[in-house]
Amino acid sequence: MVIAFIIVFVGGLGVYAVFVEPLLSPKVTRHKVVVSPEALGQQPVRIAVLTDLHACWPWMRPKRISGIVDRVNGLEADLVALLGDYHTAMHPPFAKPLATASHWAQPMERLTAPLGAFGVLGNHDWLEGGEDARDALEAHGVTILENRALRVSIRGNSHIWLIGLGDQYGDACQIHGMGRRDDLEAALSQVEDDKAPRILLAHEPDIFPEAQEFVDLTVSGHTHGGQVRLPFVGALTIPSQLDRKYAKGAFEENGSNLIVGSGLGCSGLPIRFLCRPELLLVEIYA
């Protein structure tokens, strides 16, 4: 009887982790970042963040992506940030890629944010060529910042600097390997020497120890929060040189902030456990 119960219990957890949690509507996790204390009485800049879509059949099909876009629009953010890995990270028999990048990018043209939608590419996008993802997103209203910085006016004469970092993986799909595409120095060189807040969009959080001296906030994805998390243990493994240090959530070091989202899709296997799909809403008092 006990053995039968254990088998049923474990089987039930497996069914939940494969067929329920990965398909749940994304939760919205809210973060507040205070860059300038005197700005607390003002309206914050609200940034909606979506990352690690991993579009594929049947787990992240166009209809579901459209629903996620509707959810983002409902947050009424000032700006939308997309942090990469739009292409699938699973293969048959677990999933089937969408026919073209346009199939997952087209819903993005419905994003409604007065300051616009901006994005970077992830390692899985480059495994599929990179250019397809970039071209599809820009064709549907998303500005890709590949080692670029952009001055974004927010209210009156105020502004922020939005900095997009190229992917930190190399050609062999290893963090900081040969052929890596990130160039933080080049991106920062485009920022004028003023006191406006600097916000870095970086697919992987590994850049944070290097970038924290130069930016006020880094927003990242890539980790999926581990996808599988256990009580009292947390993520079993994280694809990062820094292991589980920046698995998910908010961090502050040396006056600089890092926020890591758990993402929306799955990598490797269609499985999530105690790590529900997630959207971020970051309020910045700048």
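In this structure, D182 does satisfy being in a loop (DSSP other than H, G, I, E, B), buried (at least 18 other Cβ atoms within 10 Å of the Cβ) and modelled with pLDDT of 95 or more. If you go through the range 227-245 one residue at a time, do you hit one that is under 14 Å from the mean Cα position of the chain (by Cα) and either of a type in the set (V, I, T) or more than 26 Å from K96 (Cα to Cα) (or both)? There is no residue in the range 227-245 that is under 14 Å from the mean Cα position of the chain (by Cα) and either of a type in the set (V, I, T) or more than 26 Å from K96 (Cα to Cα) (or both).
Exactly one residue out of V8, V69 is of a type in the set (A, V, I, L, M, F, W, C), more than 17 Å from the chain's Cα centre (by Cα) and either part of a helix (DSSP H, G or I) or modelled with pLDDT under 95 (or both): that is V8. Could you list, in sequence order, all residues of the range 185-216 that are surrounded by fewer than 24 Cβ atoms within 10 Å (Cβ to Cβ) and under 16 Å from the mean Cα position of the chain (by Cα)? If the condition is that a residue be surrounded by fewer than 24 Cβ atoms within 10 Å (Cβ to Cβ) and under 16 Å from the mean Cα position of the chain (by Cα), then D206, I207, F208 are the ones that fit. When the criteria are applied in full, G41 meets the requirement of being assigned to a loop (DSSP other than H, G, I, E, B), small (G, A, S), modelled with pLDDT under 95 and more than 18 Å from the chain's Cα centre (by Cα). From the list A99, A105, the lone residue that is hydrophobic (A, V, I, L, M, F, W, C), more than 21 Å from L184 (Cα to Cα), out of contact with any strand residue (DSSP E or B) (no Cβ under 6 Å at 6 or more places or on another chain) and surrounded by 15 or more Cβ atoms within 10 Å (Cβ to Cβ) is A105.
The values are calculated or read from the model by the stated rules, or taken from the named source; none is laboratory data. A quick note: this is a predicted structure, and the numbers were derived from the prediction, not measured. All Cβ positions, even for glycine, are placed from backbone atoms using ideal geometry, and neighbour counts span all protein chains on display.
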